[in-house]
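In what follows, a single structure is set out as structure tokens and then discussed.
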Amino acid sequence: MPLPKTTPSPCWLGRRFAHLALDLQTRGQARSGLPVAFSESIRRRELIIDCNPAALAGGVKPGMPLTAALGILEGLQVVERNTEAEQQALQRMAAWCYQYSNQVNIPGDRAGLFLEAGASERLFGRPRGLGSRLERELGQLGYHAVTGSAPTPESAWLACGESLHINSTGAIRQQLGPLPLECLHLDAAQQTAMERMGFRQLRDLLRLPRKALTRRFGPGLPDYLERLLGARPDPRTLFQPPERFTSRLELPAEIQHCQALLFPLKRLLEELCGVLRGGDTAVQFLHIVLGHEDHGDTRLELGLQSPTQDAARLVRVLREHLERLRLPQAVREIRLEAPQLLKFNAGQHSLFMDTPAEQRQDIEQLAERLQARLGQGSVAGITGIEDHRPEYSWRTRALNERPDCTALAHRPSWLLPKPRRCAIENYEILAGPERIESGWWDGRDCRRDYFIVRDSHGSTLWAYHEYKPRRGWYLHGIFA
């Protein structure tokens, strides 16, 4: 008798981005010794809400009035908080996290993410290990966060603050009960009222029955606690991956040299490729816009021969572009746009990478780098034209154009730039003749007899005897 299928228990992985505004400002540089602080108007007062280690070392602290911070630390760089940019960053990270879970939620009232990790445990391991992996990989992109997991989204949010990983619904009360009230996601006025009544910890609230909580604090608090404990459903609007990718990076300090742009651009490309893996998509064209303060934007176009989601391949092409780039002015911001996300077809690789498809990929990547280094029009392919005259039977083509050539075994693949006069007595005739008489309609008519010959060194060549317009023997091609 077959065993019944078991449904994985729900497990929500929460991520808190306590320094999201600061991350967006500083992720464009590997190191920055400048003191940076973020301000926001709260209750008609301009306050410091976050600052980097350099500002902390100078005496600036979150919650301090802006005027006091400027008076304490000379040279403090103050940036006004941009909540719209933070929401856009959360959407990009949600798309990036889609490669680990197809159930991702962005809570609209806080800087964080929720991932349902129970269904993907067989692929990525237990939530604790997946959380550490996300922290490490997102940290490489410049985002810093803390992670926790629990059976419900609200309990997972509280678990983040303590780096807890709660396995069952019954353990929520025990592990989260000692948390102080300021850890809960409550209104500030409501929290103050609770403290005046003598409530100090979450377990103090959990001891009261629902009717008592409703009478004292209204129905919102019991609903929140029941969703936290899993006694009430907590449906979440799931994130859907976008059809295009756009990212903007404002640099904390202007960049003067092209090679210094590689660090922030690499982070943007790695972020993009995570989004591509999550949506099972790929890109073939990218637009990079470098913004200057007093000059028009500098634009780079990254074109590939085939769609990819490989960051290393994109970085190789980018390096070639940056080596040729000349900046008219220092760069203040970077924008990366992928206007179209294509369906990704993952191929099977052989052990020795010797299949025709894999060999074609090597040629494509070589062509991409040559185009980036020499220019888009400097690298082209060859296709055939219906003409009996060998020198007019081909033309150049774009690399993404399908070639149309018919291989003829009795003709060589390589022609000399110009036919070269020769003495036929110096060669051994192996095969021929092949008569070609054509071109009377375009003024380039010819009459030739082609022969396959061998020289004294053993090389096989292609020679012809011409009757018109000028008589004589000529070498025209080389057999590989």
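Taking the stretch 92-134 on its own, how many of its residues are open to solvent by less than 20 Å² (accessible area, probe 1.4 Å), closer than 16 Å to G274 by Cβ and in contact with a Pro (Cβ under 6 Å, 6 or more places away or on another chain)? Of the residues in that region, 1 qualify.
Among the residues that make up the stretch 79-96, is at least one of them under 15 Å from G14 (Cα atoms), of a type in the set (D, E) and modelled with pLDDT under 95? No, the stretch 79-96 contains no residue that is under 15 Å from G14 (Cα atoms), of a type in the set (D, E) and modelled with pLDDT under 95.
Residue check: is A30 touching a helix residue (DSSP H, G or I) at 6+ places or on another chain (Cβ under 6 Å) and either basic (K, R) or open to solvent by 70 Å² or more (accessible area, probe 1.4 Å) (or both)? Considered against the rule, which asks whether it is touching a helix residue (DSSP H, G or I) at 6+ places or on another chain (Cβ under 6 Å) and either basic (K, R) or open to solvent by 70 Å² or more (accessible area, probe 1.4 Å) (or both), A30 comes out as yes.
Return the residues of the stretch 192-205 that are surrounded by 17 or more Cβ atoms within 10 Å (Cβ to Cβ) and closer than 20 Å to C160 by Cβ; say none if nothing qualifies.
Within the stretch 192-205, L202, L205 qualify.
Here the stretch 186-241 is the region considered, the condition is being of a type in the set (D, E) and closer than 15 Å to I172 by Cβ, and the residue that is modelled with the highest pLDDT is E226.
In this structure, P53 does not satisfy being open to solvent by 30 Å² or more (accessible area, probe 1.4 Å), in contact with a Lys or Arg (Cβ under 9 Å, 6 or more places away or on another chain), free of Cβ contacts under 8 Å to residues at least 40 places away in the same chain and farther than 28 Å from S149 by Cα.
Examine the stretch 364-382 for a residue that is farther than 29 Å from E301 by Cα and out of contact with any helix residue (DSSP H, G or I) (no Cβ under 6 Å at 6 or more places or on another chain), and state whether such a residue exists. No: the stretch 364-382 contains no residue that is farther than 29 Å from E301 by Cα and out of contact with any helix residue (DSSP H, G or I) (no Cβ under 6 Å at 6 or more places or on another chain). Scanning the stretch 53-74 for residues that are in contact with a strand residue (DSSP E or B) (Cβ under 6 Å, 6 or more places away or on another chain), more than 29 Å from S247 (Cα to Cα) and assigned to a helix (DSSP H, G or I) yields L66, A69. For the stretch 440-480, the tally of residues that are buried (at least 17 other Cβ atoms within 10 Å of the Cβ) and touching a Cys at 6+ places or on another chain (Cβ under 8 Å) stands at 5. In the stretch 262-281, the count of residues that are surrounded by fewer than 16 Cβ atoms within 10 Å (Cβ to Cβ) and over 23 Å from W96 (Cα atoms) is zero.
If I filter the stretch 242-261 down to residues being closer than 13 Å to L342 by Cα and open to solvent by 30 Å² or more (accessible area, probe 1.4 Å), which single residue comes out as modelled with the highest pLDDT? So the residue we want is R244. For the stretch 383-398, the condition holds for at least one residue, the condition being that it is in a strand (DSSP E or B), under 30 Å from L322 (Cα atoms), open to solvent by less than 100 Å² (accessible area, probe 1.4 Å) and not hydrophobic (A, V, I, L, M, F, W, C).
Residues in the stretch 399-439 that are over 22 Å from G384 (Cα atoms), modelled with pLDDT of 90 or more and either of a type in the set (A, V, I, L, M) or open to solvent by less than 80 Å² (accessible area, probe 1.4 Å) (or both): C422, A423, I424, Y427, I429, L430, A431.
Go through the stretch 6-50 residue by residue and tally those that are in a strand (DSSP E or B), under 24 Å from V146 (Cα atoms) and over 29 Å from the mean Cα position of the chain (by Cα).
4
In the stretch 254-271, the residues that are more than 10 Å from L322 (Cα to Cα) reach residues that are of a type in the set (K, R) and in a helix (DSSP H, G or I) with C-beta atoms within less than 8 angstrom, at least six apart or across chains, in these pairs: E271/R92. When L228 is tested against the conditions (1) open to solvent by 40 Å² or more (accessible area, probe 1.4 Å); (2) farther than 24 Å from D23 by Cβ, the lone failure is (1).
The values are calculated or read from the model by the stated rules, or taken from the named source; none is laboratory data. In this text the structure is predicted, and so the values were computed from the model without any measurement. Note: ideal-geometry Cβ built from the backbone for every residue, glycine included; neighbour counts use all protein chains shown. Side chains included, ligands, DNA and RNA excluded: accessible areas come from the protein's heavy atoms. Shrake-Rupley method; radii C 1.70, N 1.55, O 1.52, S 1.80 Å.
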